[in-house]
Amino acid sequence: MTTGAASKGFGTAVLAVFQRHGYGLAEPGVLQPAGIFLEVSGEDLRKRMFMTQDSDGREMCLRPEFTIPVCRDHLAKAQTGEAGSYSYLGPVFRMRTGETGEFWQAGIESLGRSDKQAADAEVLTLTCEALAEAGLTQPDIHLGDVALLKAMIRGLNVASAPARRLLRAVSAGGGAGAVAALDVAAPRASAAQAGLIAALQGQDPKAARGFVEDVLSIAGISSVGGRTAGDIASRFLARASEQQVTSPEVRAIMSQMLAIHGDPDDSAAALRKLAGAAGLDLDAELDAFEARIGFIAARGLDVGAMRFSASFARNLDYYTSFIFEVHDPAVALASSTRPHVPAKPVAGGGRYDTLLGKLGAAEAMPAVGASIWLDRLARRLA
């Protein structure tokens with residue numbers, strides 16, 4: 001049996017599990033508008049998508065994943081704020097190093113549930129149940145929480161430019177070593193600009209922008225090279241942020257946080273201790289984390305066998321809090337960038353509470369989902 005045929009066979013078994021639990025079948029189109037995928041996941045995705053154009057010249061793509069198409073279809077047919085539970089099965093198209101560019105996925109999307117931690121636990125539990133139906137009965141489960149990481153960055157008042165560098169490094173798999181991104185030297189300002197940039201550092205962005213615009217107005221400058229005074233002000237603010245130095249104390253705290261990994265309950269305790277010592281309030285995020293772990297345990301999964309890592313990330317622009325990956329324990333651990341996480345998951349997912357707003361939802365809508373890479377499952381278990 002070919003891998004493709006085996007993927008479809010496993011997919012049928014997986015889909016039956018999801019539908020048995022009330023997740024109705026979604027069948028979004030294969031051809032999708034490319035813009036929303038690039039907006040949500042960044043231009044780096046472009047080189048991995050299969051691009052084309054429609055008859056009006058608009059950029060289209062073969063669907064690189066199911067979540068966005070399922071959410072778009074939900075918004076097109078549902079009433080404002082209406083919840084939905086969907087399952088799916090079919091091919092997706094994305095260039096992958098060492099793997100085929102067309103592969104089958106199955107998964108679920110839970111949209112609109114206000115009991116977020118319970119919904120998170122349900123999605124993880126059903127993913128594991130579906131994998132067990134396909135033959136993977138003792139998976140390795142790895143957990144992360146984007147909300148905890150971002151709350152720590154906010155609490156430490158990390159400037160916007162170093163914060164972006166840090167998040168990119170974590171998202172790229174930098175692990176605890178991602179803290180080095182805080183130390184990247186910014187381009188030096190010219191002597192003529194240095195005084196203005198120094199005056200802007202640490203200022204309220206709105207007030208700082210008004211200050212720059214006033215300076216330009218006094219000088220009689222309304223535009224330069226097609227850029228308005230507002231554009232120029234924004235550029236100066238960005239340069240000021242790039243020049244801002246992250247203190248050794250902040251770097252040390254972030255390094256300690258990113259190094260926390262292991263048993264989820266022990267990790268939560270370590271994070272509370274670190275936040276308390278640093279005088280930071282992470283109570284809301286840690287309360288949500290611990291509530292989620294409680295719901296997962298109540299559903300019968302062995303939380304003690306799972307592993308949490310504060311530096312584990314999937315796509316930090318896409319996910320907003322809970323994230324997870326499920327791995328085959330027979331696959332060797334990655335050696336350097338993610339030493340606690342195997343290289344390629346057979347399933348993964350998480351919470352993406354801002355996505356439906358970006359897709360045009362009239363009001364905020366919580367959402368969580370998961371995908372199973374059926375080709376990886378098929379190669380291992382066929």
List, in order, the whole-Hz ³J(HN,Hα) value for each residue of the stretch 80-96 obtained from phi through the Karplus relation with A = 6.51, B = -1.76, C = 1.60 and θ = phi - 60°; use x for Gly and Pro. 3, x, 5, 7, x, 10, 10, 10, 8, 7, x, x, 10, 9, 7, 5, 9
Scalar couplings 3J(HN,Hα) for the stretch 32-38 by Karplus 6.51 cos²θ - 1.76 cosθ + 1.60 (θ = phi - 60°), nearest whole Hz, x for Gly and Pro, are 10, x, 6, x, 5, 5, 5
Could you compute how much accessible surface GLU102 exposes when probed at 1.4 Å, giving the result in Å² to the nearest 10? 100 Å²
Under 5 Å from the placed amide H of ALA347, counting only residues 5+ away or on other chains, we find VAL326, TRP373
Going down the list LYS8/LYS47; LYS150/LYS273; LYS47/LYS116, which pairs span over 29 Å between their C-alpha atoms? LYS47/LYS116
Using Cα pairs closer than 8 Å and at least 6 residues apart in sequence, work out the relative contact order for the stretch 1-77, in percent. 28 percent
In Å, the Kirkwood hydrodynamic radius of the stretch 44-137 over pairs of distinct alpha carbons? 15.7 Å
Using the alpha-carbon centroid of each, what span in Å lies between the stretch 11-46 and the stretch 155-169? 31 Å
So, by mean Cβ neighbours within 10 angstrom, what's the order for 32-43, 274-285, 156-167, 346-357 with the highest one leading? 346-357, 156-167, 32-43, 274-285
Listed residues MET152, GLY173, ILE141: farthest to the positive end of the dipole of the stretch 132-173 (Cβ charges): MET152
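The values are calculated or read from the model by the stated rules, or taken from the named source; none is laboratory data. Worth saying up front: this structure is predicted, and the values here are computed from it rather than measured. Every residue, glycine among them, receives a Cβ derived from its backbone with ideal geometry; neighbour counts consider all protein chains shown. In case anyone asks, the SASA skips ligands and DNA or RNA and just uses the protein heavy atoms, side chains included. Shrake-Rupley method; radii C 1.70, N 1.55, O 1.52, S 1.80 Å.
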